Amino acid sequence: MRTNDLAHGNESIYDSVYDGLVRLENLGFGVDSPEGNQPSILFYYPIAQGNPFQAIYYSEFLVNGVVPIGVDKIEKITAFRLPVNSFLHLHWLGGIIGDAENEKIANERIEEFVSQINSIKTNGVKIVWTVHNILPHDSNLKEAQIYLRKELIRLADVIHIMNQETKLLSEPFFEIPDEKIIFSPHPSYRGYYPSIVTREESRFQLKIPQDSVVYLFFGSIQAYKGLEDLIIAFEELEKKNPKIFLLIAGKVVNKSHFSLIKNKIQSNMKIRLIESRIPTEHVQYFFKASDYCICPYRVTLNSGVAHLSHAFDIPVIGPNIGGFKLLLEQGGGFLFDSEDITDLYNTLTKSLDETILVEDIQALDSKFEMKAISKSFCSKLLKFPM
């Protein structure tokens, strides 16, 4: 992939396409190759900075005849007509409407997006959409967001879902046709992040008592993730077990909302807040220091944090919806009722008395091995009838 150069404007898409096709030809995928060895180009948008999902999902594409190329603006490829199989893979849609002030401006941006996609389709490029979430979390202009997704579903050739409940959970807002669906699960992150430090060293570096039971809340801090619920349940449990500890690490997205609970966090000596994005090389310290990763989400579709936790052999406490439900029903942690804060408290209490075996987490995590999922998704995409 040429994502870093493209993201910083140091290389043109034309250069990336040319170089990619040359590399594919050297691997035996040329325009004059047999039918099974035809080269393909996959553009993807947006380029996720600091999120390894795309790097993992495309990790086996090149050796299987597909060049993934990130684009920072869709209009850069509207004129592309390539003599090879071509895709545009759309991921998160937040940037399309962006910071539109009202429905009128949002709909104008949607119409521009639809026009761009129509131009791209006219040039023979197939459209793929991965449903990362049903609607943007804490989104405004809900009707415009729904309209955008309905238009994209109409235009898409392939809709990629990562858990089997996606179609059902989407039905209150939009309908996904069965004939357009490819299922391929969220991959494990095992092997992507460094994982060499010990539990003792991690707790020393983070100034956490060695004898504590540590719960980790990891990732961006947003209202829908239920951090306020977690703090209430944690402090109630702390009255019965003073040796528990809560570690919160992530960038605050909604600062006005977070300010309401920040004082409560800072007044509790058993809660540690790291209010920033965690660098890749430091992620291991937070998980290695923890006994459980806890995701008190009120709304969710997929379970990236759960897979990240399992990559470090740490069990997960998550809501009984979406990807968490489908993953944790197989083991690797505990589920709680996402609409019942009392059940969150009861599940925290349960976690103090029951043990999740590392061997069971590893066995579950092996079903989501990153290279196997990348190769499988690539194969399904190339064979999909379009």
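Only the coordinates and a few stated rules stand behind these numbers; no lab work does. Since the structure is predicted, the reported quantities are computational estimates derived from the model, not experimental observations. Cβ: placed from backbone, ideal geometry, glycine included. Neighbour counts: every protein chain shown.
Quick notes
- Near the amide H of PHE334, within less than 5 Å, lie the amide hydrogens of VAL316, ILE317, GLY318, all on another chain or at least 5 residues away, with H placed in the peptide plane.
- Of the labelled figures (1) 1.13; (2) 0.97; (3) 1.05, only one reflects Cα Rg over 2.2 N^0.38 Å as derived from the coordinates, namely (3).
- Given charges at beta-carbon only (K, R positive; D, E negative), |dipole| of the chain in Debye: 420 debye
- In plain terms, the residue of TRP129, TRP92 with the fewest other Cβ atoms within 10 Å comes first and the most crowded comes last, giving TRP92, TRP129.
- Among residues other than LEU364 with Cβ under 13 Å from its Cβ, the summed charge is -4 (Lys and Arg +1, Asp and Glu -1).
- Label point at SER220 placed 7 Å out along Cα→Cβ; residues across the range 256-286 whose backbone nitrogen lies under 18 Å: 256-259, 274-280
- Amide H contacts under 5 Å for VAL67: SER40, ILE41, LEU42, restricted to partners 5 or more places along the chain or on a different chain, H placed in the peptide plane at 1.01 Å from N.
- Backbone phi angles across the range 140-146, fed through the Karplus curve with coefficients 6.51, -1.76 and 1.60 (θ = phi - 60°), yield HN-Hα couplings of 9, 6, 4, 5, 5, 5, 5 Hz in residue order; Gly and Pro are listed as x.
- Per-residue Karplus couplings for the range 178-190, computed as 6.51 cos²θ - 1.76 cosθ + 1.60 with θ equal to phi - 60°, are listed in order as 4, 6, 9, 8, 10, 9, 8, x, 5, x, 6, 9, 4 Hz, Gly and Pro entered as x.
- Sites matching trypsin sites (Lys or Arg not before Pro) across the range 218-266 that sit in DSSP coil, with at most 10 neighbouring C-beta atoms within 10 Å: LYS239, LYS240
- For ILE127, the residues whose amide H sits under 5 Å from its own are LEU88, ASP157, VAL158, ignoring neighbours fewer than 5 places away on the same chain, with H placed 1.01 Å from N.
- Applying the Karplus relation 6.51 cos²θ - 1.76 cosθ + 1.60 with θ = phi - 60° to the range 290-300 yields 3J(HN,Hα) values of 9, 9, 9, 9, 10, 10, x, 5, 8, 9, 6 Hz, where x marks Gly and Pro.
- Filter on LYS264/LYS350; LYS76/LYS126; LYS225/LYS255; LYS239/LYS350 - keep pairs with C-alpha separation over 18 Å: LYS264/LYS350
- Remark: the SER195-ARG298 segment gains 34.1 nm on full extension, using 0.36 nm per residue and subtracting the alpha carbon distance.
- Footprinting exposure proxy for ARG298, ARG277, ARG272 (fewest neighbouring C-beta atoms within 10 Å first): ARG277, ARG298, ARG272
- For the chain, calculated [θ]222 nm from helices alone, where every DSSP H run of n ≥ 4 adds -39500 (n - 2.57): -11500 deg cm²/dmol
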